[in-house]
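The values are calculated or read from the model by the stated rules, or taken from the named source; none is laboratory data. Please read all numbers here as calculations on a predicted model, not as lab measurements. Heads up, the Cβs are rebuilt from the backbone with ideal geometry, glycines too, and the neighbour counts pull from every protein chain shown. These accessible areas exclude ligands, DNA and RNA; they are computed on the full protein's heavy atoms, side chains included. Shrake-Rupley method; radii C 1.70, N 1.55, O 1.52, S 1.80 Å.
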Amino acid sequence: MAVREMLTGMPWWVKWIAIPLIALVVFGGMIASVIGFVVWLLFKVLLFVAIVGGLIYVVRKFTSASSSKGDW
């Protein structure tokens with residue numbers, strides 16, 4: 001309630017421009033590090049999925065080629 005009462009008398013540009021800019025300046029480094037961590041984690045997950053998918057593809061390729069020969 002106190003914040004709402006305090007912002008009631010302020011001009012619109014303080015509420016919609018100045019306060020968000022101050023928040024970006026104060027928390028900008030933290031926001032950038034969180035976004036960087038999420039992008040890094042997403043890259044690692046996609047890399048893991050690609051490597052596991054490639055491994056499954058290679059294993060299926062070789063097992064189907066060896067089983068079709070009838071040597072076993």
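Straightening the chain between Val49 and Ser66 buys 3.6 nm, computed as 0.36 nm per residue apart minus the Cα-Cα spacing. The structure shown yields P(r) over Cα pairs in 5 Å bins from 0, in percent, and of the options (i) 3, 15, 27, 25, 20, 9, 2, 0; (ii) 3, 16, 28, 22, 15, 6, 4, 3, 2, 0; (iii) 3, 12, 9, 10, 8, 8, 8, 6, 6, 5, 5, 5, 4, 4, 3, 2, 1, 0 that calculated value carries the label (iii).
Accessible surface calculations at 1.4 Å, restricted to protein heavy atoms, place the chain at 93 Å² per residue.
Here the calculated FRET efficiency for Met30 and Ile56, from their Cβ-Cβ distance with R0 = 35 Å, stands at 0.35, rounded to the nearest 0.05. Rounded to the nearest 20, the Cβ-based charge dipole of the chain about its Cα centre (Lys and Arg +1, Asp and Glu -1) stands at 220 debye.
Here the calculated FRET efficiency for Trp12 and Val38, from their Cβ-Cβ distance with R0 = 22 Å, stands at 0.10, rounded to the nearest 0.05. 3J(HN,Hα) along the stretch 33-39, derived from phi through the Karplus expression 6.51 cos²θ - 1.76 cosθ + 1.60 where θ = phi - 60°, amounts to 5, 5, 5, x, 5, 5, 5 Hz, with x in place of Gly and Pro.
Helices in the chain, meaning DSSP H runs of at least 4 residues, each add -39500 (n - 2.57). Divided by all residues, the mean residue ellipticity at 222 nm is -29000 deg cm²/dmol.
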